[in-house]
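*Asks:* First, the structure itself, so that you have it in front of you.
The values are calculated or read from the model by the stated rules, or taken from the named source; none is laboratory data. Small disclaimer: the values here were computed from a predicted structure and weren't measured. Here the Cβ positions follow ideal geometry from the backbone for every residue, glycine too, while neighbour counts run over all protein chains shown. In case anyone asks, the SASA skips ligands and DNA or RNA and just uses the protein heavy atoms, side chains included. Shrake-Rupley method; radii C 1.70, N 1.55, O 1.52, S 1.80 Å.
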Amino acid sequence: MNKIVPSNTSLTPEQAFPFQKQIDAWNMESAVEKLRPKVERLRKASVDVARDLFIAHEALAQRGGDRRSEDAQTFGFCDFLGLVGISKKTAYLWLKLYDPVEDKVRTPEELSAPPKENAPELLEAQSEFERLVAHAMATGERLAGWTDEHEREYKRRKDNERFAELARVWGKQKIKLNWGNDDYFSQTLLKNGRMYTKINLETKEQMKAQLEVFDILTAFLSSFENPQTRLAAVCNIGLRVRQLVNEIAEQDKELNAFSGVAS
């Protein structure tokens, strides 16, 4: 015979009626004053997110990164979404609401509204704007009619193009961790550290380039506010440097073996 087992996990009043105290104390004026700035920040962030998604989608589509294209690359728009942490369904909703000409996120009401009487002129303006930007993207040339707005859009697309390329190259690469006896990096530091840990290189140009790399790394690491993220970035750099050293050492070893030079 089934028995009713009393529950020992009864809900507290706060759990049963979440935010009831805030609901009871709610006031129109203070609520408006508190929420309005948040809505403004959200509106701006929405435009930024939608714009970046639009540029990424167009950039990857032009390079065959759109899964619908016949020459689709390994890295596509869905891979990009995975890297930035947004679902495909959410991203395409942003793209549907985004108007690239006016650089705004439309409301569902605006999206479903009937077309305006000047729709042909608007479409023509959109087409001309896109033609100028597309030509500059392909050739680097700014045609007649180029404005500051075109330049901003061009720079946004170029920045996203560079990010898409970096993501395509590095997005799916894994840094090797287990080198076994071939860990030349660790061996070099342990046995010959003083010999190789020198700031001065052979030429002034090499020296200058090396110091610029040091400056870039310092600026890059200083840009992180979260100490854990900064530490993760340092570890990634260290592992990548280790991999480069071991790969170069392995190549030198193979060349020496091929040429008959004893290593």
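*Asks:* Restricting the search to segment 154-176, which residues are surrounded by 16 or more Cβ atoms within 10 Å (Cβ to Cβ) and modelled with pLDDT of 70 or more?
*Replies:* 154, 156, 157, 160, 161, 163, 164
*Asks:* Being open to solvent by 100 Å² or more (accessible area, probe 1.4 Å), modelled with pLDDT of 65 or more, assigned to a helix (DSSP H, G or I) and among the polar types (S, T, N, Q), is that true of even one residue in segment 177-184?
*Replies:* Scanning segment 177-184, I find at least one residue that is open to solvent by 100 Å² or more (accessible area, probe 1.4 Å), modelled with pLDDT of 65 or more, assigned to a helix (DSSP H, G or I) and among the polar types (S, T, N, Q), so the answer is yes.
*Asks:* Looking at segment 137-153, which of the residues that are acidic (Asp, Glu) and open to solvent by less than 60 Å² (accessible area, probe 1.4 Å) is nearest to the chain's Cα centre (by Cα)?
*Replies:* 153
*Asks:* Also, quick follow-up: Could you please give the count of residues in segment 87-108 that are in contact with a helix residue (DSSP H, G or I) (Cβ under 8 Å, 6 or more places away or on another chain) and either exposed (fewer than 14 other Cβ atoms within 10 Å of the Cβ) or touching a residue at least 12 places away in the same chain (Cβ under 8 Å) (or both)?
*Replies:* Residues meeting the conditions: 15.
*Asks:* Now for a separate question. If residue 26 passes every condition in (1) surrounded by 10 or more Cβ atoms within 10 Å (Cβ to Cβ); (2) modelled with pLDDT of 85 or more; (3) in a helix (DSSP H, G or I) but one, which one does it miss?
*Replies:* (3)
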